[in-house]
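Peer 1: For reference, the structure I am asking about is given below.
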Amino acid sequence: MAHELSTKSTLMDASLAGPLGVVVLKEGREKTLKLGHPWIFSKGIERFSGVNGQLVEVFSYKREHLGIGYVNTKSNIRLRMLGFLETQRENLLERLIKNSIKKRENLQINSNALRLVNGENDGLCGLIVDLYDRTAVVQFGTLGMELLKDEVVQALKNSLDIKAIYEKSTSISRKEEGLLPQKGWLTEEKSEQPIEIFEHDVRFLVDVVHGQKTGFFLDQREMRFYLRSYVKDKKVLNLCAYSGGFSLHALKAKALKVVSVDISGEACRQMQENTDLNGLENHEIIESDVFSFLQNTTEMFDVVIVDPPAFIKSKKDTSKGVRAYRELNRMALRRVQPGGVLMTSSCSYNLEESLFDTILLEASLMEKREVKLVQRHLMAPDHLKNIAFREGEYLKTVVLLC
């Protein structure tokens, strides 16, 4: 009986075969794809025929055509879809990339630096594209997207008036996909010098090659704008300040004084360069571990910003990471004047919002500080969100009145 079923399924798969491979899902597993979620895990696949990593046509158990994606047999996320119920392979990547760009044209972002492709949220699983003026920085995070690299580069050239494309594929996901990190220029033309960008009335120099992430933290743009309403004639402390995003916006909004702390000497150098670029003063830049700084300072501030790197990079780091977030926020609260504001963030994908709230509550209780929630994270609009894809929610920012 089992042999007959297997033979029948194989014949049916053969009848579906075309230039692409074929994936047939188990019964009922097509429901999430139809809702817009782009992933199918290993237990959801009935059978797969084709070349690992290359494109496949996806069918339900009843052989309904569901779209096009790619498979990685080494990943627990076995199948990732491209677009939503796409049926045509021709120019697929270019069509999806152009669609992502077009969506952002109506957002009226007051900057020449923005995210053009936001991975799964734009139907382009494993692909991030950030634009800095006329230089695109790309990240390929999966095997399937890695194999489509040349097509992505050509699609970007056809879709944008760009000068250069730099690859910065260094995410943890590449290791999980069986890939090594990759960095380098993908075009003959290169942007060797830092690229000048602007956000509203603030200018920054971005080093896409040596800078963190793709060169700048574009996802916090709206929170930088939001901060400006709190800082006039106030003393501001910016912890893990990187190249001074929050700091320079605060100074532009007439903060009395800004103290910026970062452990990286290069980040501090960039901060000073950006401060000079904008002709700003009253900016004290301190190269230090933020825990050491907070332990040794007694200065009080009206506004304190905490935007650390991810303390929880995988689930096994959760306990240690929770302790680090709690201690950092406890120490930061101690430096906030009564009636002041704490703006604190976590970019740990594996830290749920409810647990982050608990951490902040525990930190406030340890310091015997009553805090009230004023605002949660304002998402940068170019980081478009697929509401069916909850896994894409990584950045959490909370504004507390202390």
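Peer 1: Mind telling me which of the residues GLU177, GLU188 ends up being in contact with a helix residue (DSSP H, G or I) (Cβ under 7 Å, 6 or more places away or on another chain), of a type in the set (Asp, Glu) and farther than 27 Å from ILE109 by Cα?
Peer 2: Within the list GLU177, GLU188, the selection yields GLU177.
Peer 1: So, one more: Does GLY144 count as over 16 Å from ALA380 (Cα atoms) and crowded, with 21+ Cβ neighbours inside 10 Å?
Peer 2: Criteria met by GLY144.
Peer 1: Another question about this same structure. Out of region 97-120, which residues are touching a His at 6+ places or on another chain (Cβ under 8 Å) and buried (at least 21 other Cβ atoms within 10 Å of the Cβ)?
Peer 2: Residues satisfying the conditions are ARG115, ASN118.
Peer 1: When region 72-96 is examined, which residues are found to be of a type in the set (Ser, Thr, Tyr), surrounded by fewer than 18 Cβ atoms within 10 Å (Cβ to Cβ) and within 21 Å of ALA388 (Cβ to Cβ)?
Peer 2: Hit for region 72-96 is THR87, nothing else.
Peer 1: Residues in region 238-267 that are farther than 17 Å from SER345 by Cβ and not in a loop (DSSP other than H, G, I, E, B): how many?
Peer 2: Counting residues in region 238-267 that are farther than 17 Å from SER345 by Cβ and not in a loop (DSSP other than H, G, I, E, B) gives 9.
Peer 1: A further question follows. Just give me the residues in region 165-213 being among the hydroxyl-bearing types (Ser, Thr, Tyr) and either assigned to a loop (DSSP other than H, G, I, E, B) or farther than 30 Å from GLY53 by Cβ (or both), in sequence order.
Peer 2: Result: THR170, SER171, THR187, SER191.
Peer 1: Then there's this: Kindly provide the set of residues from region 37-64 that are closer than 23 Å to LEU179 by Cβ and either in contact (Cβ under 8 Å) with a residue 60 or more places away in the chain or acidic (Asp, Glu) (or both), ordered by number.
Peer 2: Residues satisfying the conditions are PRO38, TRP39, ASN52, GLY53, GLN54, LEU55.
Peer 1: List every residue pair whose Cβ atoms lie under 6 Å apart, where the two residues are 6 or more positions apart in sequence or sit on different chains, the first residue falls within region 112-132 and is modelled with pLDDT of 95 or more, and the second residue, located anywhere, is in a strand (DSSP E or B) and among the small types (Gly, Ala, Ser).
Peer 2: The qualifying pairs are VAL129/ALA136; TYR132/ALA113.
Peer 1: Given the structure, is VAL23 touching a helix residue (DSSP H, G or I) at 6+ places or on another chain (Cβ under 9 Å), modelled with pLDDT of 95 or more and surrounded by 19 or more Cβ atoms within 10 Å (Cβ to Cβ)?
Peer 2: Judged against the criteria, VAL23 is not a match.
The values are calculated or read from the model by the stated rules, or taken from the named source; none is laboratory data. These numbers were taken from a predicted model, which means no experiment stands behind them. Heads up, the Cβs are rebuilt from the backbone with ideal geometry, glycines too, and the neighbour counts pull from every protein chain shown.
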